[in-house]
Amino acid sequence: MAAVTGGVVTIQDVAQFEEVTARESTLSITFFWAEFHELCRPNGQLDVVVRQLASLHPRIRFLKVAAEELPALSERFEIAVVPTFVILQGGSVLDKLEGANVAELAKRVDVLSKSVAKKAAGEASASTEDKAPKPLADALEYRLKKLIKCVA
């Protein structure tokens, strides 16, 4: 069973990863982390940032993989450093970001989110605004920017 924390799915094994990323239309960001990296640890600054990004961008699936505990996935995506963020559509790699560059991560997630929203708008006649109410989205964005300044 998948553990979900703040909209982020913690991947327990390769089979679960395959199942979660199998749909061709699924856009996901996989956060490879390790216990030894202080910012990546549960409730560390990057962990908090990833959870906030997941809250701000509900159309993108956020996954968390312990790189040392799932070496098959780490080798498959050539993870050399933690943190590493792998952006996937279906099973195909679209982009990869190595290191704790929170500003760049937020920028890439924002671009992806806009492309997903644009695609959804083309497919649906209804409005595709984010599910979060405007005040909540503004508060989360403020907190995210504050965290980015702390890490940078």
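What is the number of the single condition among (1) of a type outside the set (A, V, I, L, M); (2) touching a residue at least 24 places away in the same chain (Cβ under 8 Å); (3) under 21 Å from Val151 (Cα atoms) that Lys96 does not meet?
(2) is the only condition that Lys96 fails.
Specify the residue that is farthest from the chain's Cα centre (by Cα); the eligible residues are those in the stretch 75-86 that are hydrophobic (A, V, I, L, M, F, W, C) and surrounded by fewer than 19 Cβ atoms within 10 Å (Cβ to Cβ).
Ala80
Determine whether Ala54 is assigned to a helix (DSSP H, G or I), hydrophobic (A, V, I, L, M, F, W, C) and under 19 Å from Ile148 (Cα atoms).
The answer is yes for Ala54.
Take Ile29 and decide whether it is crowded, with 20+ Cβ neighbours inside 10 Å, within 12 Å of the chain's Cα centre (by Cα) and touching a residue at least 24 places away in the same chain (Cβ under 8 Å).
Here the answer is yes, as Ile29 does meet what is asked.
How many residues does the stretch 40-51 contain that are surrounded by fewer than 20 Cβ atoms within 10 Å (Cβ to Cβ), not basic (Lys, Arg) and not in a helix (DSSP H, G or I)?
Adding up the residues that qualify gives 3.
May I ask you to verify whether Val20 is aliphatic (A, V, I, L, M) and modelled with pLDDT of 95 or more?
For Val20, the condition - aliphatic (A, V, I, L, M) and modelled with pLDDT of 95 or more - is not met.
Can you tell me which condition Val86 does not meet? The list is (1) touching a Ser or Thr at 6+ places or on another chain (Cβ under 8 Å); (2) more than 26 Å from Leu147 (Cβ to Cβ); (3) at pLDDT 95 or above, and all the others hold.
(2)
Select, from Ala67, Ala72, the only residue that is free of Cβ contacts under 8 Å to residues at least 60 places away in the same chain, farther than 22 Å from Lys114 by Cα and buried (at least 18 other Cβ atoms within 10 Å of the Cβ).
Ala67
The values are calculated or read from the model by the stated rules, or taken from the named source; none is laboratory data. Remember, predicted model here, so these are calculated numbers, not experimental data. Methodologically, a virtual Cβ is constructed for each residue, glycine included, from the backbone with ideal geometry; neighbour enumeration extends over all protein chains shown.
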